[in-house]
Amino acid sequence: MSDNTEYTCAEATDDTEKLLEVSANEDEVNTNDEVFNEVAADDVEGSDEGESDLSEEITDVSLDKNDRSLFELHDWYKRGRLIIDPEWQRSYVWSNKKASQLIESFLLDIPIPVIYLAKTKEGKYEVIDGVQRLSSVFHFFEGKNSLSALEFRKELNGKKYDELPTDLQDKIRDTTMRTYELSPKTPKSTLFIIFQRLNTGGVPLNGMEIRNCIYRGKLNSLIRELAGFQEFVKCVNQAGISKRMNDRMMVLRFLAFYEKGYQKVGKGMSNFLNDFLEVHKDAPDRKLEEFSEKFKSAMKAAFTIFADQAFRVRKIHKSRGSEWSKKVNATILQIVAVSFTNYDNSQLTRRADAIYEEYIDLVSQDQDWIRCVTTSSFDPKNIRYGFETWNSRLSTLMEQVESLDSERIFSASLKREMFSSNNTCEICGQEIKTIEDAAMDHETHYWRGGLTVPSNARLVHRLCNLKRPNHS
């Protein structure tokens, strides 16, 4: 977690304890990830997590206060007892100037803000708040940094720890920091809220980054691995998506909805995801293999059908028609990708063109569905509508997978060829802006005996085709 406190002579007091006074009143506890997680606004569409129902989860917080020397904390770190893992915490970001001024503060006996630790059942300590401060100290002890930009002890600029006079080395080693240590009995849901409460400075951790701090285990490692799966990366097709673990957030959402089902989102998305991680964080290998297989299979199908424009909404522009959003939509991913787990990939591949057309029709015609996946996307009613509407459309297509007359559907390659040759709608005579706004139409109706051959095909606006009399 990022530390951004300026180290001045301002006194540090025990008032920090008040940060842990977690209220059971939902009106006083804002756990909407739109507050803590800028993912919703900046990186991934449809990723707000809604509010959690905390009334039954926030219980007593057992907290021990200790004064531990920097030498002791560093010794714990070297022996693996103090866990500062860049994998589940934001990596070290402090400048050498800031780290040096922290060391100078120790030499000047300037009070330093407290460190928050969570004790595990194995007797280890995970750092909740204080990673940057502790990392700065440990790097200095290990000779990785030399002092710079000191304001009061300028004669020490340029020196590493082992180059300091012995008395100054001892002073730093013997300096104590106040630690607040949470009992291993603290519920994970409470720990999640405490992270949020402490997570107020600089660039705060988002929900997924906090979960990576709390729910470490085999499942968390699998999520990291799946986020790098080639077809998933190609489907998402968005630079910088991994910077704030937004790719892992989407993997988590897929796995949670696949395993638990959309019907189980009742107490808010945060609780839904946290409960899934808590139950399966060290799942048996066979379960993890199932998760991996289902995710990879769904992403392969998605890339086959949608290529690098998967899991997006269509945006309408007066001047240039409609186009795919540049940002992947996490809510659409959880709906569409999970739906693919109900079928084998050979079935989905056979109906790839039809599924693609069905999806374009959905996002073009059903404004209620668009609203559900883009606005308040974790309202249980919106979740239900989003899943059930798409599942109904897909199941209709897949029920006919054996009997559907493939000769009735023009090929995608013919559509691309005709659009490239002449993108004028043959019904209204206007330009078709993008290929996704186009539909292939039988000039002589299929039900009147019109053949599905190039000579009977024409390119039209999707909307014009829907408005065509006797459309079937």
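Around Tyr116, with a cut-off of 9 angstrom between Cβ atoms, what is the net charge of the other residues, counting Lys and Arg +1 and Asp and Glu -1? Spell out each step's value before the answer.
Details: positive: none; negative: Asp129, Glu181.
With Lys, Arg at +1 and Asp, Glu at -1, the neighbours total -2.
If I stretch the segment between Thr375 and Asn66 completely, what's the gain in nm (0.36 nm per residue apart, minus their alpha carbon distance), one decimal?
Details: separation 309, 0.36 × 309 = 111.24 nm, distance 4.58 nm.
Answer, rounded to one decimal: 106.7 nm.
Grab the beta carbon distance between Glu399 and Lys121, set R0 = 45 Å, and tell me the FRET efficiency rounded to 0.05. Please report the intermediate quantities before stating the final value.
Details: r = 50 Å, r/R0 = 1.10.
Step by step, r from the Cβ atoms, then E = 0.35.
If I model a spin label at Asp275 and Lys144 as a point 7 Å from the Cα along the Cα→Cβ vector, what separation in nanometres do I get?
According to this spin-label approximation, the distance is 4.0 nm.
Which residues' amide hydrogens lie under 5 Å from the amide hydrogen of Ala438, considering only partners 5 or more residues apart or on another chain, with H built in the peptide plane?
So Ala438 has HN proximity to Arg462.
If you average the C-alpha positions of the stretch 237-257 and of the stretch 314-385 separately, how far apart do those two centres end up, in angstrom?
For the stretch 237-257 versus the stretch 314-385, the Cα centre distance is 17 Å.
Take every Cα pair under 8 Å in the stretch 218-399 that's 6+ residues apart, average their separations, divide by the length, and report that relative contact order as a whole percent.
Relative contact order, the stretch 218-399: 25 percent.
Given the Cα-Cα distance of Glu358 and Leu463 and 0.36 nm per residue of separation, how much length would full extension add, in nm?
On the way: separation 105, 0.36 × 105 = 37.80 nm, distance 1.33 nm.
This chain segment gains 36.5 nm when fully extended.
Taking H as built 1.01 Å from N, whose amide H comes closer than 5 Å to the amide H of Thr424, not counting residues under 5 places away?
Amide H neighbours of Thr424, under 5 Å, 5+ apart: Ile432.
With labels modelled as points extended 7 Å from the Cα through the Cβ direction, what inter-label distance (nm, one decimal) is found for Gln263 paired with Glu163?
Simple spin-label model gives 6.8 nm for this pair.
If amide H atoms are built 1.01 Å from N in the plane of the peptide, which residues on other chains or at least 5 residues away come under 5 Å of the amide H of Leu82?
When sequence neighbours closer than 5 places are left aside, the close amide H contacts are Tyr77, Tyr125.
Using label points projected 7 Å from each Cα along Cα→Cβ, tell me how many nm separate Arg153 and Glu417, to one decimal.
Result for the modelled spin labels: 7.8 nm.
Values in this text are rule-based calculations from the coordinates and carry no lab data. This structure is a prediction, so every number in the text was calculated from the model and none was measured. Note: ideal-geometry Cβ built from the backbone for every residue, glycine included; neighbour counts use all protein chains shown.
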